[in-house]
Each structure stands twice: as structure tokens, then as C-alpha cells.
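Chemist: Handing you a structure now.
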Amino acid sequence: MDETVVVDTDALGRLEEWGGRELVRNMLEIFFAHAPERIEQIRSGADSGSMEEAERGAHSLKSSAGNLGARRLQARAAEMEERAADGELDAVTALLPELESAWAEAKAALTDVRSSLSE
């Protein structure tokens with residue numbers, strides 16, 4: 001996985017091959033609706049010291065980001081999942097700004113993709 005890529009268009013292309021533009025649109029809508037909730041779950045877990053909660057949120061975010069080719073976000077979530085599984089609260093907390101930055105980049109890029117699907 002190339003972490004320097006914000007969105008891997010090959011992943012989106014595969015989704016479109018499997019289910020057409022409608023599948024891609026639906027998956028984007030689900031992602032936009034739930035990614036902020038997963039980020040909040042990670043933050044809440046870190047704030048309360050519940051590494052299990054943070055790990056669950058990071059795992060879910062990693063998977064959904066991966067499905068849409070959001071490689072940088074996927075990589076940050078994977079790293080947070082691993083740190084949370086290891087009980088590394090300080091590391092999870094320290095990675096939150098990077099995760100939020102990766103989310104902002106992915107959201108912007110995927111918003112452009114969604115716009116292009118409506119054309």
C-alpha cells in the first residue's frame with residue numbers, strides 16, 4: 001500500500017466494475033456518514049483510556065477507507081489500530097492529528113469523486 005496516495009483510483013475503478021457508479025456513490029455516502037463517527041470513537045477511547053474502543057473505531061475506519069482506496073487514511077487508521085491493540089495510549093493520542101489530517105484529505109478527494117459521478 002502506497003501511503004503517499006490520498007485516493008487510489010484503481011480501488012474506485014474496481015468498485016465501479018463490480019457494481020457501477022451507483023455502488024460507488026452509495027459507498028461514498030456511507031463512508032461520509034460514518035467516518036466522522038469512527039474518528040470520534042477513536043478520540044473518545046483515547047480520552048477515556050479505553051484502548052478497546054479506540055481499536056474498534058480504528059479497525060472499522062481502516063476497512064472502510066481501504067474499500068474506497070483512501071490509502072493515507074487507511075494507513076493512519078491501521079497504525080492507530082495496532083497501537084491501541086498494544087495498549088499504547090500516548091501513541092494513539094499523538095496520532096490523532098495525523099488521522100484527522102488524512103481524513104480531511106480523503107474527504108476532499110472523495111468529494112471530488114462523488115461530484116464527478118453525478119455528472
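Since every read-out is calculated from the coordinates, none of them should be taken as a lab result. Not measured: the values here are computed from a predicted model. FYI the Cβ positions are ideal-geometry reconstructions off the backbone, even for glycines, and counts take in every protein chain you see.
Chemist: Suppose a student asked you for the relative contact order of segment 9-117, using Cα pairs under 8 Å spaced at least 6 residues apart; what percent would you report?
Modeler: In percent, rounded to a whole number, it is 25.
Chemist: If I fit a long axis through the Cα atoms of helix 89-117 and take the longest principal axis of the Cα atoms of the chain, what angle between them do I get, 0 to 90°, rounded to 10?
Modeler: Helix 89-117 sits roughly 10 degrees off the main axis of the chain.
Chemist: For a protection proxy built on the mean count of beta-carbon atoms within 10 angstrom, sort 94-103, 20-29 highest first, please.
Modeler: Values: 94-103: 17.2, 20-29: 14.2.
By packing density, highest mean first, the sequence is 94-103, 20-29.
Chemist: Under 11 Å from the Cβ of Ile42, count the other residues' Cβ atoms, weight Lys and Arg +1, Asp and Glu -1, and hand me the total.
Modeler: Within the 11 Å Cβ shell, the charges total -1.
Chemist: Still on this structure, please answer the following. Taking only Cα atoms, what is the 0 to 90° angle, nearest 10, from helix 9-48's long axis to the longest principal axis of the chain?
Modeler: The two axes meet at around 20 degrees.
Chemist: What distance in nm lies between label points placed 7 Å from Cα along the C-beta direction at Arg21 and Ser118?
Modeler: 1.2
Chemist: Under the 0.36 nm per residue contour assumption, what length would be gained going from the current alpha-carbon distance of Ile30 and Ala104 to full extension?
Modeler: Working: separation 74, 0.36 × 74 = 26.64 nm, distance 1.62 nm.
Fully extending the segment from Ile30 to Ala104 adds 25.0 nm.
Chemist: Taking the highest mean first, how do the peptides 67-73, 51-57, 13-19 order by number of other beta carbon atoms within 10 angstrom per residue?
Modeler: Numbers: 67-73: 24.6, 51-57: 20.0, 13-19: 13.3.
Result, highest mean first: 67-73, 51-57, 13-19.
Chemist: Angle check, please: helix 51-67 long axis (alpha carbons) against the longest principal axis of the chain (alpha carbons), in degrees 0 to 90, nearest 10.
Modeler: Helix 51-67 sits at roughly 20 degrees to that axis.
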